[in-house]
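**Q** I have a structure I would like to understand better, so I am pasting it below and will then ask my questions one at a time.
No lab work stands behind these numbers, since they all come straight from the coordinates. All figures in this text were calculated on a predicted structure; none of them were measured in a lab. As a convention, Cβ positions derive from the backbone with ideal geometry for all residues, glycine included, and neighbour counts pool all protein chains shown.
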Amino acid sequence: MGKRISRTIQYKKSRELAWGKKRDVNNNIVDNDYEIKISKLIWLLRTKDSCITEIKNLIAEVGTIEDVEPFEIVEYTKDKEEYIVIDDKLPYVMSVKNIEETFKLYGIRKRKARWTSKDIYQFIYNNEKFKFCESEICNDFINLNVLTEQTTETVSTENFVEEKNNTIEWVAIYYDPKLGLPSDVVIPPGVILPNVPSLLYLPKI
């Protein structure tokens, strides 16, 4: 019985398809329009100046908009007494946490499961469409800013002493031990990563 269950699980795993693909009635692998639309929705929410009308249309196609508040970007004044509704373009990149909350509100699911922040983060990092923004994958998980620092190195020889200017670039990364670091981030020798979410400053190698 155990071997039979194990074979069944292995068979099901072998039948799993990559995100954005499905099997049709003839068992052929074809594009999954529903998942492709969700991918596009994530891309729009992660892109500044995206069309809000297009975002609303996609939410209506892949989620449930009945009995829930419509998708809106609302900005309040400093005293929070007045607000404006932005209905043309997304004024900023939406964080992974806000995308997770949006998907939960409108019942947008990842196949049979609920989208989590980790799922969305991994999707963004692994998706080729997001490589244009690889250094700003997510405000909640990675906030990559290059800082420069000018240093002076004294080079001595038998005949002269020279001061050599070097530029060091520092990378600021929000590190979460549950998610780890992107593969393109190199940790200098001797650096010990913290066991709690922290903002790290590392020299760019």
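**Q** Mind listing which trypsin sites (Lys or Arg not before Pro) in segment 1-103 are in a DSSP loop and have 15 or fewer other Cβ atoms within 10 Å?
**A** Passing sites in segment 1-103 are K48, K78, K80.
**Q** Same structure again: Check which residues have an amide H placed less than 5 Å from K21's amide H, if you skip close sequence neighbours.
**A** Amide H neighbours of K21: N32.
**Q** Let me ask you something else. Please give the length that would be gained between E169 and A113 if that part of the chain were fully extended, namely 0.36 nm times their separation in residues minus their C-alpha to C-alpha distance (nm, one decimal). Could you put the intermediate results ahead of the total?
**A** Working: separation 56, 0.36 × 56 = 20.16 nm, distance 4.09 nm.
Stretched out fully, the E169 to A113 stretch lengthens by 16.1 nm.
**Q** Using amide H atoms built 1.01 Å from N in the peptide plane, name the residues 5+ places from Y175, or on other chains, whose amide H lies under 5 Å from its own.
**A** Excluding prolines and chain starts, which carry no amide H, the hits are S198, L199, L200.
**Q** Right, here's the next one. Starting from the Cα-Cα distance between K178 and I86, subtract it from 0.36 nm times their residue separation and give me the gain in nm to one decimal.
**A** Details: separation 92, 0.36 × 92 = 33.12 nm, distance 3.48 nm.
Stretched fully, the K178-I86 segment lengthens by 29.6 nm.
**Q** Continuing with the same structure: Add +1 for every Lys or Arg and -1 for every Asp or Glu among the other residues with Cβ under 13 Å from the Cβ of D31, and state the total. Before the final figure, lay out the partial values.
**A** Numbers: positive: K21, K22, R23, K37, K40; negative: D24, D33, E35.
That works out to +2.
**Q** Output ³J(HN,Hα) for segment 39-45: one whole-Hz value per residue in order, computed from phi by the Karplus curve 6.51 cos²θ - 1.76 cosθ + 1.60 with θ = phi - 60°, and x for Gly and Pro.
**A** Values per residue, Gly and Pro as x: 4, 5, 5, 4, 4, 5, 5 Hz.
**Q** Take every Cα-Cα pair in segment 18-132 and report what % of them are more than 20 Å apart.
**A** More than 20 Å apart: 46 percent of the Cα pairs in segment 18-132.
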